[in-house]
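Presented below is the structure to which this report refers.
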Amino acid sequence: MGSLVMPTSKLSGPQSPTAVSTIGLRKSYGDKTVLDGIDLHIPAGSVFALLGPNGAGKTTTVQILSTLITADAGQAQVAGHDVATSPDGVRAAIGVTGQFSAVDGLITGEENMLLMADLHHLSKREGRRVTADLLARFDLTEAAKKPASTYSGGMKRRLDIAMTLVGDPRIIFLDEPTTGLDPRSRHNMWQIIRELVSDGVTVFLTTQYLDEADELADRIAVLNNGKIAAEGTAGELKRLVPGGHVRLRFTDPAAYQAAASALREATRHDESLTLQIPSGGSQRELRSILDWLDAVDVEADELTVHTPDLDDVFFALTGDAGTPEQPKEMAR
Amino acid sequence: MSSLSLALRDSSTMLRRNLLHARRYPSLTLNLLLTPIMMLLLFVYVFGDVMSAGIGGGGADRSAYIAYLVPGILLMTIGGTVVGTAVSVSNDMTEGIIARFRTMAIHRGSVLVGHVVGSVLQSIASVVLVGAVAVAIGFRSTDATALEWLAAFGLLVLFALALTWIAVGMGLVSPNAEAASNNALPMILLPLLSSAFVPIDSMPGWFQPIAEYQPFTPAIETLRGLLLGTEIGNNGWLAVAWCLGLAVLGYFWSTSKFNSDPK
């Protein structure tokens with residue numbers, strides 16, 4: 001289970017302005033409800049992760065907040081502008097990197113960047129400067145003159161984010177930024193996101209990877225079947241579910257039997273010769289387990305302490321995710 | 001920045017993007033050019049003797065048929081080019097970059113305007129190329145005045161504009177490139193069913209209304225009149241009315257499709 005790294009960005013105080021807020025956001029396609037009343041409140045300068053399985057409504061949420069589609073009901077404000085009544089105000093403040101590559105594959109990486117500079121009405125000189133800077137920052141200078149369609153998945157994603165940054169947006173939406181990337185590209189992407197945050201940008205991130213939310217986000221909302229199942233910091237979410245335990249593994253069946261009869265509260269896994277004992281993992285609890293084992297004179301081959309992680313939270317909250325008619329993620 | 005200058009600036013940016021596409025990948029445009037040129041050569045050199053016997057009550061020679069044929073072929077060139085427009089718009093809409101454009105504070109219509117202006121420019125370039133082939137095989141328009149030439153050019157631009165807006169709408173409602181090219185088929189079929197190859201009064205009676213009440217025939221007759229001095233009659237106004245009607249229809253159809261939520 002994953003190690004816990006504290007989020008690198010500072011948590012915003014109560015006085016910091018709101019970057020994104022929604023009340024009762026709803027959207028359905030035909031008779032299929034995708035979002036069933038979403039309330040969000042994201043302070044400026046923080047990283048927010050919307051976590052959920054495929055089909056939970058993550059992409060739909062991003063599409064509504066980035067003015068790509070309209071909600072059926074509810075209110076949403078982004079950067080102080082209502083998405084329904086002032087979409088251009090929202091658009092001027094945001095940058096969006098969708099789940100599917102939003103680069104023009106027919107032209108080169110550099111031309112993609114210059115296109116963005118033109119659309120942000122930068123002067124020719126400024127456009128060239130920003131393009132060169134961002135291409136260098138995202139390690140794309142060498143590939144700048146090649147058509148974007150020839151780029152690898154990781155390069156396309158980097159170009160995509162570089163294009164998003166041209167207008168210097170204050171709020172950035174990243175819809176599953178690491179899906180389909182290899183581990184190295186994934187860690188590069190995390191590094192990029194951390195750098196964005198250190199510049200004071202608000203990041204709204206969707207992901208189906210728990211470790212990603214744990215790693216990057218100040219606050220996490222778990223979205224399941226169109227509803228927010230839980231919201232809080234990674235720590236708060238982990239406290240929601242029990243799941244801490246100590247696991248003892250044996251190789252000798254006789255020792256396993258002796259230990260199992262001594263530790264009555266343990267859950268037995270006979271085929272793997274392991275015992276699982278509910279525990280918060282404190283020193284005192286561990287010592288009492290060891291004392292029990294000493295008392296019956298058995299020695300475990302392996303002892304591991306498990307604290308609950310987001311996996312436990314996720315599976316506890318999205319328990320019905322395995323139903324047969326799990327909806328597919330809405331494609332754009 | 002005022003909204004008009006914003007619209008102009010964003011549209012010209014989008015136009016540059018589309019021209020860049022056309023320059024990088026000219027094969028689609030060139031393929032579509034092949035059809036009218038082949039038609040021209042086929043009807044002049046293979047069917048030419050029979051066809052020329054059929055117009056002007058016999059007696060006409062091959063050069064008379066070239067003169068009859070070329071105005072229709074020029075408009076057919078435009079019809080072919082806009083099939084390419086429908087295909088490239090449909091292709092473009094499947095690209096993620098369009099979603100990006102929709103989330104940017106740019107002039108909403110600039111994406112479509114870029115396609116339309118780019119396509120009209122391509123149509124005109126194609127017409128010039130096909131026209132050059134026609135001149136090379138003996139087409140002459142020596143009697144036309146400068147004003148008539150200007151009017152002919154204006155008609156071609158207006159016709160290209162009208163068909164392009166319709167083709168953009170066809171591209172927007174097509175889920176993929178194949179569907180777009182099928183949906184745009186009337187742009188190639190209609191000139192075949194017009195007065196481009198044979199005069200309408202030589203067609204069977206039941207077929208004549210089909211050939212008569214469609215945009216290509218009045219446009220062809222007008223172009224013929226301007227370039228060769230034949231009778232234009234009502235066709236001039238009819239052609240302009242068709243063009244304006246189709247352009248306005250295509251414009252509203254396309255923009256309403258583009259502005260609705262993407263599927």
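Quick notes on this one:
- Test: residue in segment A:239-253 that is among the hydroxyl-bearing types (Ser, Thr, Tyr) and either over 30 Å from A:Ala266 (Cα atoms) or not assigned by TED's automatic domain parsing to the domain that holds A:Glu271 (or both): no
- Residue match in segment A:184-207 (condition: more than 30 Å from A:Gly24 (Cα to Cα) and of a type in the set (Asp, Glu)): yes
- Among (1) within 11 Å of another protein chain (Cβ to nearest Cβ); (2) surrounded by fewer than 20 Cβ atoms within 10 Å (Cβ to Cβ); (3) not acidic (Asp, Glu), the one test that A:Asn112 misses: (2)
- Check on A:Gly154, away from every other protein chain (no Cβ under 11 Å), out of contact with any strand residue (DSSP E or B) (no Cβ under 7 Å at 6 or more places or on another chain) and more than 27 Å from A:Leu50 (Cβ to Cβ): no
- With respect to (1) crowded, with 20+ Cβ neighbours inside 10 Å; (2) over 18 Å from B:Phe101 (Cα atoms); (3) within 9 Å of chain B (Cβ to nearest Cβ), the lone exception for A:Leu119 is condition (2).
- Scanning segment A:141-167 for residues that are buried (at least 24 other Cβ atoms within 10 Å of the Cβ), hydrophobic (A, V, I, L, M, F, W, C) and without any contact (Cβ under 8 Å) to a residue 40 or more places away in the chain returns no hits.
- Test: residue in segment A:124-138 that is within 12 Å of chain B (Cβ to nearest Cβ) and of a type in the set (Ser, Thr, Tyr): no
- Some residue of segment A:90-100 being at pLDDT 90 or above and touching a His at 6+ places or on another chain (Cβ under 8 Å): yes
- In a residue-by-residue description of segment A:80-88, the property of being within 8 Å of chain B (Cβ to nearest Cβ) and either closer than 22 Å to B:Leu15 by Cα or free of Cβ contacts under 8 Å to residues at least 12 places away in the same chain (or both) applies to at least one position.
- Restricting segment B:218-263 to residues that are farther than 21 Å from B:Val117 by Cα and charged (D, E, K, R), the residue that is surrounded by the most Cβ atoms within 10 Å (Cβ to Cβ): B:Glu221
- Enumeration of residues in segment B:21-60 that are within 25 Å of B:Gly109 (Cβ to Cβ), modelled with pLDDT of 85 or more and under 21 Å from the mean Cα position of the chain (by Cα): B:His21, B:Ala22, B:Arg23
One line per residue, one yes/no per condition, for (1) surrounded by fewer than 24 Cβ atoms within 10 Å (Cβ to Cβ); (2) modelled with pLDDT of 85 or more; (3) in contact with a His (Cβ under 9 Å, 6 or more places away or on another chain):
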{"residue": "A:Met6", "(1), (2), (3)": "yes, no, no"}
{"residue": "A:Ser12", "(1), (2), (3)": "yes, no, no"}
{"residue": "A:Asp31", "(1), (2), (3)": "yes, yes, no"}
{"residue": "A:His41", "(1), (2), (3)": "yes, yes, no"}
{"residue": "A:Leu50", "(1), (2), (3)": "no, yes, no"}
{"residue": "A:Gln63", "(1), (2), (3)": "no, yes, no"}
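- Close pairs (6 angstrom Cβ cut-off, 6 or more residues apart or separate chains): more than 14 Å from B:Ile200 (Cα to Cα) in segment B:211-238, among the basic types (Lys, Arg) anywhere: B:Thr230/B:Arg224
- Hits in segment A:178-211 (condition: closer than 25 Å to A:Gly37 by Cα and of a type outside the set (Ser, Thr, Tyr)): A:Val203, A:Phe204, A:Leu205, A:Gln208, A:Leu210
- Any chance A:Ala213 is at negative phi, out of contact with any helix residue (DSSP H, G or I) (no Cβ under 6 Å at 6 or more places or on another chain) and buried (at least 23 other Cβ atoms within 10 Å of the Cβ): yes
- Enumeration of residues in segment B:192-217 that are assigned to a helix (DSSP H, G or I) and under 14 Å from the mean Cα position of the chain (by Cα): B:Leu192, B:Phe216, B:Thr217
- Residue match in segment A:168-183 (condition: surrounded by fewer than 21 Cβ atoms within 10 Å (Cβ to Cβ), of a type in the set (S, T, N, Q) and modelled with pLDDT under 90): yes
- Per-region count, segment A:262-296, residues more than 27 Å from A:Glu236 (Cβ to Cβ) and in contact (Cβ under 8 Å) with a residue 24 or more places away in the chain: 10
The values are calculated or read from the model by the stated rules, or taken from the named source; none is laboratory data. Keep in mind that this is a model prediction, so the values were computed, not measured. Note: ideal-geometry Cβ built from the backbone for every residue, glycine included; neighbour counts use all protein chains shown.
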